[in-house]
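**Q** Structure provided below as structure tokens; questions to follow.
Every read-out reported here was derived from the displayed coordinates using simple, explicitly stated rules and does not represent laboratory data. Everything quoted here is computed from the prediction, not taken from an experiment. Please note: Cβ atoms are built from the backbone with ideal geometry, for glycine as well, and neighbour counts cover all protein chains shown.
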Amino acid sequence: MNAVQQPTRTPRTPRAAQIAAAARDLLEERGRNELTMRALAERLAIRAPSLYKHFRNKEAVEAALVEDGLAEMGAALHAALSKASTPDRIPVLLAAYRRHALAHPGLYRLATTGPLPRKALPDGLEEWAGSPFFLATEDSHLAQALWSYAHGMVVLELDGRYPDGSDLSRTWQAGARVFAAPGST
């Protein structure tokens with residue numbers, strides 16, 4: 001796999017950007033189920049029909065947020081890898097993934113669970129956002145396994161599924177050691 005170029009995103013109008021920002025705030029504060037066009041209009045102090053001038057429906061708003069989530073996660077992972085030495089790639093990547101996901105739990109869940117609105121995303125965004133896993137492992141199957149591990153760890157952590165007193169930093173480090181071990185590919 002050659003280096004994947006960051007895709008060009010279509011700029012939003014100022015009002016569409018304002019709506020997306022308000023939707024993101026609602027998503028983080030209340031969760032996906034509470035992100036409705038009515039709640040969004042109330043947040044913006046406008047009438048709900050005004051939203052439809054900028055987004056055709058709730059799914060379009062969510063697709064815009066998924067686009068933002070993938071772009072931001074990809075940027076965070078690419079930035080982290082750019083500073084990592086070869087032997088540190090996997091632990092650095094996992095730390096950046098965890099940090100970003102935990103800082104934006106609503107956006108993370110929206111972008112990584114349920115069907116992905118691929119047709120609504122810029123061409124190549126999904127591949128670019130995920131390419132740091134390949135760059136860290138240099139093996140497509142190991143990259144998918146590493147992403148699956150990271151995603152599972154984050155979801156379990158967000159859901160509070162680990163026993164009280166668990167040292168999750170050590171658990172993440174143990175996973176990084178396993179994936180970075182010679183012969184893991």
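**Q** Report, by residue number, each residue of the stretch 51-61 that is closer than 20 Å to R30 by Cβ and surrounded by fewer than 21 Cβ atoms within 10 Å (Cβ to Cβ). Talk me through it step by step, then tell me what you get.
**A** Initial filter on the stretch 51-61 (closer than 20 Å to R30 by Cβ): 51, 55, 57-61.
Within the stretch 51-61, F55, N57, K58, E59, A60 meet the criteria.
**Q** So, L135, is that one without any contact (Cβ under 8 Å) to a residue 60 or more places away in the chain, surrounded by 12 or more Cβ atoms within 10 Å (Cβ to Cβ) and not aromatic (F, W, Y) or not? Even if it seems obvious, please write down each step before you answer.
**A** Values: without any contact (Cβ under 8 Å) to a residue 60 or more places away in the chain: no; surrounded by 12 or more Cβ atoms within 10 Å (Cβ to Cβ): yes; not aromatic (F, W, Y): yes.
So L135 fails the test.
**Q** I'd like the full set of residues that are surrounded by fewer than 19 Cβ atoms within 10 Å (Cβ to Cβ) and of a type in the set (S, T, Y), limited to the stretch 83-109.
**A** Of everything in the stretch 83-109, those that are surrounded by fewer than 19 Cβ atoms within 10 Å (Cβ to Cβ) and of a type in the set (S, T, Y) turn out to be S85, T86.
**Q** So, in the stretch 165-185, how many residues would count as being of a type outside the set (A, V, I, L, M, F, W, C) and outside any helix (DSSP H, G or I)? Walk me through it before giving the result.
**A** In the first step, residues of the stretch 165-185 are kept if they are of a type outside the set (A, V, I, L, M, F, W, C); the result is 165-167, 169-171, 173, 175, 177, 182-185.
Now narrow it down to the ones that are outside any helix (DSSP H, G or I): 165-167, 182-185.
Residues that pass the stated criteria total 7.
**Q** Within the bounds of the stretch 145-159, is there any residue that is of a type in the set (D, E, K, R) and surrounded by fewer than 12 Cβ atoms within 10 Å (Cβ to Cβ)?
**A** So in the stretch 145-159, the residues of a type in the set (D, E, K, R) come out as 157, 159.
In the following step, the residues that additionally are surrounded by fewer than 12 Cβ atoms within 10 Å (Cβ to Cβ) were identified as 159.
Yes, because at least one residue in the stretch 145-159 is of a type in the set (D, E, K, R) and surrounded by fewer than 12 Cβ atoms within 10 Å (Cβ to Cβ).
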